[in-house]
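The values are calculated or read from the model by the stated rules, or taken from the named source; none is laboratory data. Source: prediction; values computed, not measured. Ideal geometry is used to build each Cβ from the backbone, glycine not excepted, and the neighbour counts take in all protein chains shown. Accessible surface areas use protein heavy atoms only, side chains included; no ligands, DNA or RNA. Shrake-Rupley method; radii C 1.70, N 1.55, O 1.52, S 1.80 Å.
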Amino acid sequence: MNIVDIINKKRKKISLTKEEIEYVITNYVSENITDYQMSALLMAITINGMSDEETIYLTDAMLNSGDKIDLTSISGIKLDKHSTGGVGDKTTLILAPIVAATGLNMAKMSGRGLGFTGGTIDKLEAIPGLKTDMSLNDFKKQVEEIHVAIASGSKKLVPADKKMYALRDVTATVESIPLIASSIMSKKLASGADVLVIDVKVGNGALMKNKEDAKKLANLMIKIGKNYNKKVVCILTNMFEPLGEAIGNSLEVEESINVLQGKGPKDITSLVIFLAIQMVKIGKDITIEEATKEVRNVLVTGKALNKFYEVIKYQHGNIKEMVISDKVISIKANKTGFITEINTEAIGELSRKLGAGRYQKEDVIDSKVGLKILKKVGDFVINDEELVKVYLGEKDININEILDCFTINEHYHKPNPLIIETIV
Ligand code: URA
């Protein structure tokens with residue numbers, strides 16, 4: 001077997017065998033296959049696709065490239081949630097404490113920002129002192145003691161994905177359904193949870209730009225999960241506009257607290273409650289009505305908010321020291337009308353430009369910067385009304401670039417539904 005023949009096969013749209021896929025992953029991780037050879041193969045896969053069987057073989061080879069977490073010593077069902085990535089998506093920060101406050105176990109391995117999308121770990125690290133890098137034993141101990149831990153994946157967990165993702169990010173091979181499915185599922189299978197709820201974002205601020213592709217990705221991930229006897233539920237949700245108001249790390253932590261206090265923006269609040277109800281229903285094997293009651297109860301009594309503070313304290317964070325920039329400028333609408341479209345990806349890029357995200361792995365994030373999107377699709381705005389607040393750091397931003405992200409029209413445009421479809 002050799003890599004050149006394998007690349008050639010995929011280039012000619014011939015399916016790869018299990019052995020060939022295992023050969024590629026093993027030798028790429030051990031550095032016997034070079035980045036340029038892997039890039040060529042990834043591009044051939046992105047262009048020519050993979051069958052479901054090939055994707056399952058790829059997931060398995062990636063999963064077996066490193067350690068797997070065994071959570072069986074923790075009693076009760078272990079739940080995990082994943083998002084395919086969006087702009088302003090702080091769902092995990094709010095959802096994890098809600099679900100844990102109902103008594104279920106949330107064993108959450110999270111990632112950093114990718115491209116224009118933000119990552120849970122970067123958001124949490126906006127809280128001074130907070131540690132997400134923990135040993136497997138500490139991760140398990142925390143879940144056992146307080147029902148929830150949010151950790152950055154260990155370097156030993158799916159090393160194949162770490163190398164492949166970094167390469168995909170710089171070779172325009174991120175947006176491939178089989179590569180996304182195997183990347184997400186190998187990591188989630190390695191993290192050991194019994195039930196996985198995946199928020200598949202759809203829209204101009206997501207990897208999946210339309211519902212058809214999102215459904216394909218969802219069905220493929222469910223099929224991979226079945227292969228390992230794991231329950232996977234995919235919920236397709238709207239990413240045609242940022243989620244909530246806040247984009248940027250400290251701002252998103254602040255908004256998460258607001259949601260837990262019952263005073264957050266409507267869209268993020270509704271989405272988190274919807275996801276929490278699904279997780280509690282599955283985790284406790286109860287009806288939707290019973291799950292709804294439990295979720296409402298932990299929110300109204302403040303138990304979910306207390307759980308959030310408990311996680312922060314357990315992970316050594318000091319929320320009182322979190323900083324949000326006080327260099328704030330207001331961007332005002334330049335005409336009157338209805339907002340019909342928001343270029344969500346461009347907004348994500350602007351927040352990255354402000355310093356809230358990275359261009360290179362080594363870049364240091366500026367947690368205090370970001371944007372607040374005060375008007376959403378379907379809203380009516382008057383000329384000179386405030387549209388966006390910008391929280392500046394060292395880097396400047398061009399006001400017109402922000403205004404260009406909004407399309408304002410005289411005719412009303414109905415916003416896309418927040419929850420598009422649930423696939424099980
Ligand atoms: N998230 C992942 O973890 N992997 C991908 O390939 C895309 C989104």
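Numbers below:
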quantity	calculated
Pick from the range 69-91, criterion hydroxyl-bearing (Ser, Thr, Tyr) and open to solvent by 10 Å² or more (accessible area, probe 1.4 Å), ranking: nearest to the ligand (Cβ to nearest atom)	84
Check on residue 151, more than 10 Å from the ligand (Cβ to nearest atom) and assigned to a loop (DSSP other than H, G, I, E, B)	no
Residue under evaluation residue 38, criteria (1) over 30 Å from residue 143 (Cα atoms); (2) part of a loop (DSSP other than H, G, I, E, B), criterion not met	(2)
Test result for residue 324, hydrophobic (A, V, I, L, M, F, W, C) and closer than 24 Å to residue 210 by Cβ	no
Any pair with Cβ under 7 angstrom, 6 or more apart, that starts in the range 405-424 at a residue that is closer than 25 Å to residue 332 by Cβ and ends at one that is exposed (fewer than 14 other Cβ atoms within 10 Å of the Cβ)	408/335
Failed item, numbered, when residue 215 is tested on (1) more than 26 Å from residue 72 (Cα to Cα); (2) charged (D, E, K, R); (3) within 14 Å of the ligand (Cβ to nearest atom)	(3)
Residue match in the range 63-82 (condition: part of a helix (DSSP H, G or I) and out of contact with any Gly (no Cβ under 6 Å at 6 or more places or on another chain))	yes
Filter result (at negative phi, of a type outside the set (A, V, I, L, M) and open to solvent by 10 Å² or more (accessible area, probe 1.4 Å)) within the range 106-120	110, 111, 112, 113, 116, 117, 118, 120
Complete set of residues in the range 154-191 that are more than 10 Å from the ligand (Cβ to nearest atom), open to solvent by 20 Å² or more (accessible area, probe 1.4 Å) and not aliphatic (A, V, I, L, M)	154, 155, 156, 159, 162, 163, 171
